[in-house]
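**Q** Got a structure for you, questions after.
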Amino acid sequence: MPILILILLLFIPIGAILVLATPVLLRGGPYVATSRPGVAKAIKLAAPKAGEIFLDLGSGDGRLLLAAAAHGARVIGYETNPWLGWQSRRLLRRAGYAKTSRVIWGNLWRADLATTDVICIFILPNLLIDLEKKLNREVKKGTRIVTIGWPLPTWPVVKKIDTVFLYQKT
């Protein structure tokens, strides 16, 4: 019995560290929830429409996905934290969007951006440089991109509300 307790005392903290550190290790960032006003601003700028594909890179607890799904968009979230991914799926399922939503436990750098209509991003500014290169390579013309917190380094801003920025691929 003491050995079992010792094993649990060792592995529970290690597991917790891995779950918390996974986003940083996979070139993401720590989880910071988008505030309710931030979600409202992002959705206002993104203006998701019924049937559009709305992609949230680093979808956290799913609050942006839920808001976009409420506008009729088909939503896809990428999240490296398995606990947050589970929360997102649960939130969307309980709200009745299980058939029009998908949350992928995975790295945003592997996300397929080619078929999306709207992309929402809330990540650290030092990662936006590389993400902008990915956007330039993969995003189709007309795609709307919303960043929360920080602007893209070189893309021209179409519209902005406080620290939420809208871009459109030309």
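The values are calculated or read from the model by the stated rules, or taken from the named source; none is laboratory data. The model shown is predicted, which means the values in this text are computed figures rather than measured ones. Counting neighbours? That spans all protein chains shown, and the Cβs are built from the backbone with ideal geometry, glycine included. Remember, those area values only see protein heavy atoms, side chains included, never the ligands or the DNA or RNA. Shrake-Rupley method; radii C 1.70, N 1.55, O 1.52, S 1.80 Å.
**Q** Quick check, is residue 123 at pLDDT below 95 and not in a helix (DSSP H, G or I)? Talk me through it step by step, then tell me what you get.
**A** Numbers: at pLDDT below 95: yes; not in a helix (DSSP H, G or I): yes.
It is true that residue 123 is at pLDDT below 95 and not in a helix (DSSP H, G or I).
**Q** Going by the conditions given, is residue 61 buried (at least 24 other Cβ atoms within 10 Å of the Cβ), at negative phi and either modelled with pLDDT under 95 or not in a helix (DSSP H, G or I) (or both)?
**A** Judged against the criteria, residue 61 is not a match.
**Q** Against the conditions (1) assigned to a helix (DSSP H, G or I); (2) within 19 Å of residue 140 (Cβ to Cβ); (3) hydrophobic (A, V, I, L, M, F, W, C), where does residue 69 fall short? Just the number, please.
**A** With respect to (1) assigned to a helix (DSSP H, G or I); (2) within 19 Å of residue 140 (Cβ to Cβ); (3) hydrophobic (A, V, I, L, M, F, W, C), residue 69 is out only on (2).
**Q** Can you say whether residue 104 is open to solvent by less than 20 Å² (accessible area, probe 1.4 Å) and touching a strand residue (DSSP E or B) at 6+ places or on another chain (Cβ under 9 Å), as far as the supplied structure shows?
**A** So residue 104 does not fit the description; no.
**Q** Right, residue 113: hydrophobic (A, V, I, L, M, F, W, C) and either in a helix (DSSP H, G or I) or open to solvent by 50 Å² or more (accessible area, probe 1.4 Å) (or both) or not?
**A** no
**Q** Give the residues of segment 126-151 that are assigned to a loop (DSSP other than H, G, I, E, B) and within 18 Å of residue 54 (Cβ to Cβ), sorted by residue number.
**A** 139, 140, 141, 142, 143
**Q** Which of the residues that make up segment 134-159 are in contact with a strand residue (DSSP E or B) (Cβ under 7 Å, 6 or more places away or on another chain) and open to solvent by 40 Å² or more (accessible area, probe 1.4 Å)?
**A** If the condition is that a residue be in contact with a strand residue (DSSP E or B) (Cβ under 7 Å, 6 or more places away or on another chain) and open to solvent by 40 Å² or more (accessible area, probe 1.4 Å), then 151, 157, 158, 159 are the ones that fit.
**Q** Look through segment 64-83, keep the residues that are farther than 19 Å from residue 145 by Cα and touching a strand residue (DSSP E or B) at 6+ places or on another chain (Cβ under 9 Å), and return whichever of them is most open to solvent (accessible area, probe 1.4 Å).
**A** As a first pass, look at segment 64-83 and keep what is farther than 19 Å from residue 145 by Cα: 80-83.
Right, trim to touching a strand residue (DSSP E or B) at 6+ places or on another chain (Cβ under 9 Å) and you get 80-82.
On the way: 80: 16, 81: 15, 82: 49 Å².
For segment 64-83, the residue satisfying everything is 82.
**Q** Given the conditions (1) out of contact with any strand residue (DSSP E or B) (no Cβ under 9 Å at 6 or more places or on another chain); (2) modelled with pLDDT of 95 or more; (3) farther than 23 Å from residue 160 by Cα, and given that residue 51 satisfies all but one, which numbered condition is not satisfied?
**A** Condition not satisfied by residue 51: (1).
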